[in-house]
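What follows is a short report on a single structure.
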Amino acid sequence: MPFCVCRGHLIHYKYLDQGKNQTLVFIHSLGTDFRIWDIVAGNLFPVANILLFDLRGHGLSGLTPSPRGLEDFTEDLLGLLEYLGIRQQIIPVGLSVGGIIAQLLIHRIPDQIPKVVLCDTRYKIGNAQNWNDRIAQVRRAGIESISEGVVSRWFSKDFHARFPETVLGYKYMLERTPVDGYIQTCEGLRDADTGDIARKIAVPALCLVGAEDLSTTPEEVKNLADLIPGSVYLVLENSGHLPCIDNAAKLSRLITDFIQES
């Protein structure tokens with residue numbers, strides 16, 4: 001389990017470097033860790049180097065105050081790229097909050113990013129009242145008090161019915177997220193709005209969403225795609241908010257086709 005210290009706190013990561021000229025950087029969602037990308041990353045390993053990491057306050061990464069919200073999360077990733085000496089082209093693959101971080105990353109290092117994949121995300125996720133209500137609930141009663149409802153939106157109805165043990169495992173992942181890390185990320189999401197950045201994205205962008213996603217609905221992800229000039233918008237049937245879990249094979253094929261297009 002490799003770790004590094006960036007900006008004063010610990011980051012847990014996995015870097016699979018096979019000397020390719022591009023690296024896929026996978027950025028996970030709120031209340032999970034980089035393991036949600038295991039299947040997709042494994043499928044894509046033949047075509048690119050792979051970088052996975054746990055966001056601050058998630059998984060095995062440390063937690064430190066983030067007065068600038070998701071800008072600080074983006075700084076963590078920039079620090080990790082510098083630590084690893086990754087200077088070749090990178091393709092961010094961001095899911096939910098990871099998609100917002102991917103947009104912020106393009107704004108910071110546009111010349112290093114030839115393409116971007118934005119999964120089940122938007123330029124503005126939710127509204128302040130919803131995030132404040134969730135933060136208050138978690139502070140009062142813990143993540144367990146919201147986990148059932150959150151996980152119900154992560155996967156398709158079919159996946160819930162066929163793989164209840166897997167759903168339970170991811171529910172445990174959510175519940176074991178440090179409360180302070182979860183709240184800090186909720187605050188970052190509450191305050192983030194990348195609308196102006198999305199309008200200026202000048203590289204090919206693939207915007208994907210699960211047809212059954214109730215967290216960032218197909219209509220909301222379409223709103224993001226409409227802001228990005230020339231973006232490709234695709235809906236994955238039989239998927240919820242985490243298509244990297246409930247539709248990993250199809251998601252892998254779509255990403256592979258996208259990054260291999262000239």
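A single member of 99, 59 is in contact with an Asp or Glu (Cβ under 8 Å, 6 or more places away or on another chain) and closer than 25 Å to residue 199 by Cα, and it is 99.
In region 175-197, what residues are of a type in the set (A, V, I, L, M, F, W, C) and either in a loop (DSSP other than H, G, I, E, B) or touching a Leu at 6+ places or on another chain (Cβ under 9 Å) (or both)? Steps first, answer last, please.
Of region 175-197, the ones of a type in the set (A, V, I, L, M, F, W, C) are 179, 183, 186, 189, 192, 197.
Of everything in region 175-197, those that are of a type in the set (A, V, I, L, M, F, W, C) and either in a loop (DSSP other than H, G, I, E, B) or touching a Leu at 6+ places or on another chain (Cβ under 9 Å) (or both) turn out to be 186, 189, 192, 197.
Suppose we keep only residues that are assigned to a loop (DSSP other than H, G, I, E, B) and touching a helix residue (DSSP H, G or I) at 6+ places or on another chain (Cβ under 6 Å) within region 57-84. Which one would you say is surrounded by the most Cβ atoms within 10 Å (Cβ to Cβ)?
Residues of region 57-84 that are assigned to a loop (DSSP other than H, G, I, E, B), as a first pass: 57-69.
Subsequent filtering for residues that are touching a helix residue (DSSP H, G or I) at 6+ places or on another chain (Cβ under 6 Å) retains 57-58, 63, 66, 69.
Details: 57: 22, 58: 26, 63: 15, 66: 20, 69: 18.
Among residues in region 57-84 that are assigned to a loop (DSSP other than H, G, I, E, B) and touching a helix residue (DSSP H, G or I) at 6+ places or on another chain (Cβ under 6 Å), the one surrounded by the most Cβ atoms within 10 Å (Cβ to Cβ) is 58.
If only residues of region 164-201 that are free of Cβ contacts under 8 Å to residues at least 40 places away in the same chain and hydrophobic (A, V, I, L, M, F, W, C) are counted, the one that is surrounded by the most Cβ atoms within 10 Å (Cβ to Cβ) is 167.
Give region 204-262 a look and list any residue that's of a type in the set (Asp, Glu) and assigned to a loop (DSSP other than H, G, I, E, B), or say none.
212, 213, 237, 261
Among residues of region 138-163 being among the small types (Gly, Ala, Ser) and either closer than 30 Å to residue 68 by Cα or touching a Pro at 6+ places or on another chain (Cβ under 8 Å) (or both), the one that is surrounded by the most Cβ atoms within 10 Å (Cβ to Cβ) is 147. Look at region 37-54: where a residue is within 14 Å of residue 12 (Cβ to Cβ) and at pLDDT 95 or above and a partner is outside any strand (DSSP E or B) and charged (D, E, K, R), sitting 6+ places away or on another chain with Cβ atoms under 7 Å, you get 54/33.
The values are calculated or read from the model by the stated rules, or taken from the named source; none is laboratory data. Since the model is a prediction, treat every value here as computed from it, not as a measurement. Note that we place each Cβ from the backbone using ideal geometry, even for glycine, and neighbour counts take in every protein chain shown.
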